[in-house]
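Asks: For reference, the structure I am asking about is given below.
The values are calculated or read from the model by the stated rules, or taken from the named source; none is laboratory data. Small disclaimer: the values here were computed from a predicted structure and weren't measured. Here Cβ is always computed from backbone atoms with ideal geometry, including for glycine, and neighbour counts include all displayed protein chains. The protein model used for the area step is the full one, side chains on, heavy atoms only, and it has no ligands, DNA or RNA in it. Shrake-Rupley method; radii C 1.70, N 1.55, O 1.52, S 1.80 Å.
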Amino acid sequence: MGRAFEFRKARKMKRWSAMSKAFTRIGKDIVIAVKEGGPDPDSNSRLRAVIQNAKSVNMPKDNIERAIKRASDKNLGDYKEVLFEGYAPHGIAILIETATDNNTRTVANVRSYFNKCNGSLGTSGSVEFMFDHTCNFRIPAEDVDPEELELEMIDYGAEEVFVDDDGILIYAPFESFGAIQKELENRDIEILSSGFERIPQVTKKLDEEQVADVEKLLQKIEEDDDVQNVYHTMQE
């Protein structure tokens with residue numbers, strides 16, 4: 001198994017851990033997708049992907065439809081996707097994906113978290129290069145041979161295919177998302193969920209006391225309503 005498998009295994013119980021937080025994040029993803037490509041999922045591939053993710057965390061259909069309708073309102077402000085980079089204590093690099101309608105507020109909040117926890121907010125590009133930007137797709141395992149699928153999907157950019165308790169996962173570079181999504185849909189293969197992740201190229205092992213220092217900062221960041229995802233180089 002490769003780095004994507006180990007990364008996914010370590011994060012499995014952490015991502016979308018609080019259901020209400022998951023719904024908030026997906027609601028923002030719906031707004032961004034609708035503002036970008038319109039409210040019709042048949043013609044908006046990004047919105048199709050977000051709806052799949054909403055279903056995968058059991059978001060009620062009514063909630064999804066309300067979010068799409070709300071996002072279609074021209075009076076609703078846009079969310080801007082902003083990436084923050086910095087260092088936690090003990091040299092751990094942190095990458096933060098946010099979706100915000102008030103960048104001034106978000107910058108101030110993120111900076112305060114770093115300052116309070118002995119970290120430092122960096123400049124654009126200061127740690128992003130330490131992470132591989134990837135896309136992933138989860139599909140049902142029934143009637144699909146993972147090894148055969150991996151060989152076939154290599155032509156569309158897939159780098160790693162593996163099986164876990166919830167189905168088959170396909171990992172590929174960020175740029176391959178559209179090609180793989182289109183091919184899976186052309187084959188009538190159900191996409192249970194899809195998304196993007198940033199996998200650290202190298203991780204650093206810390207002792208228990210050092211881990212606690214880093215976790216204190218991570219917790220503050222993850223609790224912020226503007227934060228969508230947090231990635232770091234600390235060994236899980």
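Asks: Do the conditions hold for I51, that is, is it hydrophobic (A, V, I, L, M, F, W, C), within 17 Å of the chain's Cα centre (by Cα), closer than 24 Å to V214 by Cβ and open to solvent by less than 30 Å² (accessible area, probe 1.4 Å)?
Replies: The answer is no for I51.
Asks: Give just the number: which of (1) over 15 Å from E197 (Cα atoms); (2) open to solvent by 40 Å² or more (accessible area, probe 1.4 Å); (3) modelled with pLDDT of 70 or more does R3 not satisfy?
Replies: So R3 meets the others, but not (1).
Asks: Additional query: Please work out if D42 is modelled with pLDDT of 90 or more, under 25 Å from E183 (Cβ atoms), of a type in the set (D, E) and open to solvent by 70 Å² or more (accessible area, probe 1.4 Å).
Replies: It is true that D42 is modelled with pLDDT of 90 or more, under 25 Å from E183 (Cβ atoms), of a type in the set (D, E) and open to solvent by 70 Å² or more (accessible area, probe 1.4 Å).
Asks: Restricting to the stretch 28-37, what's the tally of residues that are out of contact with any Asp or Glu (no Cβ under 6 Å at 6 or more places or on another chain), more than 17 Å from Q181 (Cα to Cα) and open to solvent by 20 Å² or more (accessible area, probe 1.4 Å)?
Replies: 2
Asks: Anything in the stretch 203-220 that is touching a helix residue (DSSP H, G or I) at 6+ places or on another chain (Cβ under 7 Å) and open to solvent by 20 Å² or more (accessible area, probe 1.4 Å)? List them, or say none.
Replies: Residues satisfying the conditions are K204, L206, Q210, D213, K220.
Asks: Taking only pairs six or more apart or across chains, which ones have beta-carbon atoms under 7 Å, a first residue in the stretch 21-44 that is within 17 Å of V227 (Cα to Cα), and a second residue that is open to solvent by 20 Å² or more (accessible area, probe 1.4 Å) and of a type in the set (S, T, N, Q)?
Replies: Within 7 Å, the pairs are F23/N63; I26/N53.
Asks: So, of the residues in the stretch 69-93 that are open to solvent by less than 30 Å² (accessible area, probe 1.4 Å) and either of a type in the set (D, E, K, R) or at pLDDT below 95 (or both), which turns out to be nearest to the chain's Cα centre (by Cα)?
Replies: Going through the qualifying residues, I end up with E85.
Asks: Between residues in the stretch 212-236 that are touching a residue at least 24 places away in the same chain (Cβ under 8 Å) and residues that are open to solvent by 20 Å² or more (accessible area, probe 1.4 Å) and among the charged types (D, E, K, R), which pairs lie under 6 Å by C-beta distance while being six or more apart or on different chains?
Replies: Q228/R25; Q228/E97; N229/E97; V230/E222; Y231/R198; T233/K204; Q235/K205
Asks: What's the number of the only condition in (1) open to solvent by less than 80 Å² (accessible area, probe 1.4 Å); (2) touching a Pro at 6+ places or on another chain (Cβ under 7 Å) that N229 fails to meet?
Replies: Here N229 meets the rest and fails (2).
Asks: Considering only residues that are part of a helix (DSSP H, G or I) and in contact (Cβ under 8 Å) with a residue 60 or more places away in the chain, look in the stretch 94-119 and name the one that is most open to solvent (accessible area, probe 1.4 Å).
Replies: K116
Asks: Might you let me know whether the stretch 187-196 holds any residue that is open to solvent by 20 Å² or more (accessible area, probe 1.4 Å), at pLDDT below 95 and farther than 21 Å from E147 by Cβ?
Replies: yes
Asks: Please determine whether any residue of the stretch 120-138 is under 30 Å from D224 (Cβ atoms), open to solvent by less than 20 Å² (accessible area, probe 1.4 Å) and in a loop (DSSP other than H, G, I, E, B).
Replies: Yes: one or more hits.
Asks: All but one of (1) within 30 Å of N186 (Cα to Cα); (2) without any contact (Cβ under 8 Å) to a residue 60 or more places away in the chain hold for E159; state the number of the condition that does not hold.
Replies: The single condition E159 does not satisfy is (2).
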